[in-house]
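Please read the structure below before turning to the comments.
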Amino acid sequence: MTGSFEVWAPHPDRLGAVIDGQAVEFARGDGAWWSPVEPVEWLPHVDYGYLLDDDTTPLPDPRSRRQPDGVHGLSRTYDPALHEWADSGWRGRELRDGVIYELHIGTFTELGTLDSALERLDHLVRLGVSFVELLPVNAFNGTHNWGYDGVLWYAVHEQYGGPPAYQRFVDACHARGLAVIQDVVYNHLGPSGNYLPRFGPYLDESSANTWGATVNLAEAEVREYIIGNALMWLRDYHADGLRLDAVHALRDPTEKHVLHELAERVDALAAELGRPLTLIAESDLNDPKLITPRAEGGYGLTAQWSDDYHHAAHVNLTGETSGYYADFDSLAALGKVTGRGFFHDGTYSSFRERNHGTPIDLQSTPTWRLVTFTQDHDQIGNRAAGDRLPTTLDERGLQLAAVLTMLGPFTPMIFMGEEWGASTPWQFFTSHPEPELGRVTAEGRIAEFEKMGWDPATVPDPQDPQTFERSKLDWSELERPEHARLLDLYRSLASLRSTVPGFRDESFGTVHCEWSESEKWFRLDRPGASVVLNFSEEKREVAVPGSTGILLATSGSPRLGDDSVRLPARSAAVVATATPHRSRFAARGSRGSAELPRGSAIAESAGGVHTNGEARQHRAAGRERSADDEERPLGARAKVCA
């Protein structure tokens with residue numbers, strides 16, 4: 001707690017402290033809050049720690065703002081108000097129309113610090129980014145880590161530069177018009193340096209998630225610990241938003257969910273500060289309640305990730321169909337998630353072996369409330385070798401991925417280095433100082449992938465320092481022609497997104513898609529423009545009603561015909577159009593169009609809509625084409641999403 005040595009500690013019977021080298025006696029007060037028996041002046045840059053019962057080793061403050069000697073060492077007082085902010089004119093950014101750039105401080109630059117990251121901010125501005133999203137920077141044990149093993153949520157990891165460097169980073173971002181989103185983890189605590197349970201019931205040992213005991217949300221002080229931390233980033237460090245990690249693992253037995261309460265408090269702070277504040281949830285529940293307004297029974301968060309969009313794009317780009325990718329093995333899957341936000345919206349998930357998800361209210365939900373991507377830290381780093389898309393795709397494939405990332409109807413997110421096709425992997429790395437924990441982490445990682453059929457020899461040891469070093473971006477790649485070309489494409493796509501009004505239209509009702517499974521093309525229509533992708537190895541002619549010109553082409557020389565465009569193999573084009581696209585579900589074929597009710601196949605199956613009797617089978621049973629499939633006129637094989 002800044003400005004006070006008070007500490008919440010219901011577990012110990014006795015508590016004292018060592019403050020600036022002096023022993024200080026504490027007394028227990030109301031609500032198990034302890035404070036010095038004799039007043040102690042709180043000053044910045046003072047080292048201190050707490051002594052619980054008979055333990056002679058001082059423990060860090062659960063609300064420590066700084067840990068100069070790591071998470072096992074003494075805390076150091078820090079007053080964020082001492083920073084001379086230069087962003088008094090900053091009025092914040094709305095997520096609407098935004099482009100997010102996700103980065104990890106430790107691997108973004110060679111030095112891996114907040115100050116060294118400042119040197120690359122102008123690159124992000126030229127790219128067309130508006131939000132910089134930092135993976136967790138809270139204090140964890142060791143020198144390097146993804147950040148999700150944090151144990152002191154209020155402290156900035158010292159190797160990154162600590163809180164002063166964080167404030168400099170935010171100031172520099174705001175000076176360039178970049179908003180800052182901080183990734184925070186409230187669903188578990190890391191395995192090393194977690195002293196919080198010594199102080200109080202921070203964890204519910206009777207309940208567990210993937211990472212261990214769940215956070216005890218039934219305890220009011222624990223909830224306030226979480227909400228206070230969120231407000232700290234936004235108020236004291238001027239962050240513009242938070243990405244909330246794996247909120248499906250927040251098990252809250254109370255009447256008002258902690259996310260509901262958090263959103264209320266953050267909205268109140270936004271009103272107080274006079275600038276918008278953003279809350280983005282990562283969730284695998286496919287539950288629109290997260291982003292439904294509180295007045296309508298939701299939690300009122302700003303946005304949430306849609307992993308389904310990633311899965312559908314990944315499968316159609318790479319052909320990979322193992323594990324949770326199996327259900328997404330069709331352009332129909334891409335069409336459904338593009339038109340409805342979620343693919344699994346109450347449908348059967350073969351990976352989970354049950355029905356999964358809830359439909360989004362397409363009438364009232366803006367499309368920008370979903371954050372989508374084709375690469376992110378999880379989908380790369382949780383692959384056995386941490387390989388990025390350039391390991392699988394050639395330049396043309398990466399161009400298609402860029403178009404899917406940047407011109408979908410949702411808020412796009414780029415993972416660091418994606419914009420130039422970085423060849424460096426982003427692998428799972430840790431630096432646990434405890435030999436046994438390090439061994440268990442490495443062996444567990446290898447065993448996990450061995451069960452999935454991977455050769456154990458191909459799985460990097462997370463404790464090997466080279467695993468971390470390999471994951472750092474190689475900025476010299478920007479000098480190579482193939483990387484420079486892809487970067488130019490991302491910049492052009494970002495520019496189109498900001499200048500063509502239809503790409504900023506937030507209504508699901510103006511999202512219209514058509515595709516052909518057999519010819520492997522996909523068309524996304526927005527007001528005034530159509531995005532056409534050819535995934536096949538052959539030239540394709542695709543109907544584009546009302547086409548008036550080509551705004552962008554990824555490769556080759558697409559030719560505009562009479563209400564059509566002819567695309568080279570494995571390429572994409574953005575076509576200007578004069579025809580308003582229909583805003584309702586419709587299946588277009590050679591015999592006209594037919595509107596589809598909400599309970600139709602596109603809403604309830606992985607197979608999409610099939611017109612003129614085209615046969616459909618799920619991938620697991622093989623896929624048939626109808627006998628006349630190749631003989632239909634242009635557009636007759638189309639399936640349509642919203």
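Summary table
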| read-out | value |
| --- | --- |
| Taking all pairs of distinct alpha-carbon atoms in region 40-89, Kirkwood radius in angstrom | 12.4 Å |
| Whether region 174-285 is rounded, prolate or oblate, judged on the alpha carbon gyration tensor where a/c under 1.5 counts as rounded | prolate |
| Calculated FRET efficiency for the pair residue 248/residue 13, C-beta based, R₀ 45 Å, to 0.05 | 0.75 |
| Gain in span if fully extended, residue 220 to residue 318, counting 0.36 nm per residue against the direct Cα distance | 30.6 nm |
| Other-chain or far-sequence residues with amide H under 5 Å of residue 550's (modelled H) | 576 |
| Simple label model, 7 Å out from Cα along Cβ direction - residue 119 to residue 548, nm | 4.7 nm |
| Partners for residue 520 among aspartates and glutamates (Cα-Cα distance below 14 Å; same-chain residues under 8 apart left out) | 329, 537, 538, 541, 629, 630 |
| Option label - Cα extents along the principal axes in Å computed here, alternatives (i) 88, 53, 52; (ii) 130, 92, 46; (iii) 84, 74, 53 | (i) |
| Residue 204 long-range amide H proximity, modeled H, under 5 Å | 214, 215, 216 |
| Region 346-414 shape via C-alpha gyration tensor axes, a/c threshold 1.5 | oblate |
| Heavy atoms of residue 256: accessible area, 1.4 Å probe, square angstrom to 10 | 90 Å² |
| Order by protection proxy (mean Cβ within 10 Å, highest first), peptides 151-159, 565-573 | 151-159, 565-573 |
| Euclidean distance between Cα centres, region 102-163 to region 389-465, Å | 18 Å |
| Exposure ranking of 110, 264, 102 by accessible area [1.4 Å probe, largest first] | 110, 264, 102 |
| For region 54-208: relative contact order, % (alpha-carbon pairs under 8 angstrom, 6 or more apart) | 28 percent |
| Local net charge near residue 134, Cβ-Cβ under 12 Å (Lys/Arg +1, Asp/Glu -1) | -3 |
| All lysines inside 17 Å of residue 256 as judged from Cα atoms, apart from same-chain residues fewer than 8 positions distant | 289 |
| Cβ-defined net charge surrounding residue 163, 9 Å radius [Lys, Arg +1; Asp, Glu -1] | +1 |
| Cut-off 16 Å, label 7 Å out along Cα→Cβ of residue 361, residues of region 250-273 by amide N | none |
| Estimated FRET transfer efficiency (residue 538, residue 175; beta-carbon r; R0 41 Å; 0.05) | 0.25 |
| Scattering profile of region 475-557 at q = 0.18 Å⁻¹ [log10 I(q)/I(0), Debye over alpha-carbon scatterers] | -0.92 |
| Alpha-carbon Rg with Dmax, taken over region 1-130, Å | 20.3, 58 |
| Segments 413-423, 202-212, 384-394, 532-542 sorted - mean Cβ within 10 Å per residue, highest first | 413-423, 532-542, 384-394, 202-212 |
| Amide H partners (placed H, <5 Å) of residue 132, local residues excluded | 101, 179, 180, 181 |
| On Cα atoms only, tilt of 481-499 relative to the major axis of the chain in degrees | 90 degrees |
| Two-site FRET efficiency, residue 208 against residue 295, from Cβ-Cβ distance with R₀ of 41 Å, rounded to 0.05 | 0.75 |
| Heavy-atom accessible surface of the chain: percent carbon and sulfur, 1.4 Å | 48 percent |
| Vicinal HN-Hα couplings computed from phi for region 408-423 (Karplus, 6.51 cos²θ - 1.76 cosθ + 1.60; Hz; Gly/Pro x) | x, x, 9, 7, x, 10, 10, 8, 3, x, 4, 5, 10, x, 3, 8 |
| Hz values of 3J(HN,Hα) by residue in region 4-12 - Karplus curve (6.51, -1.76, 1.60), Gly and Pro given as x | 7, 9, 4, 8, 7, 7, x, 7, x |
| Per principal axis, descending, Cα span of region 395-518 in whole Å | 56, 35, 31 |
| Residue-wise HN-Hα coupling along region 508-521, computed from phi with Karplus coefficients 6.51, -1.76, 1.60 (Hz; x: Gly, Pro) | 4, x, 9, 9, 9, 10, 9, 7, 10, 5, 6, 8, 6, 10 |
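The values are calculated or read from the model by the stated rules, or taken from the named source; none is laboratory data. From a predicted model like this one, the values you see are computed outputs, not experimental measurements. Backbone-built Cβ (ideal geometry, glycine too); neighbour counts: all protein chains shown. Accessible surface areas use protein heavy atoms only, side chains included; no ligands, DNA or RNA. Shrake-Rupley method; radii C 1.70, N 1.55, O 1.52, S 1.80 Å.
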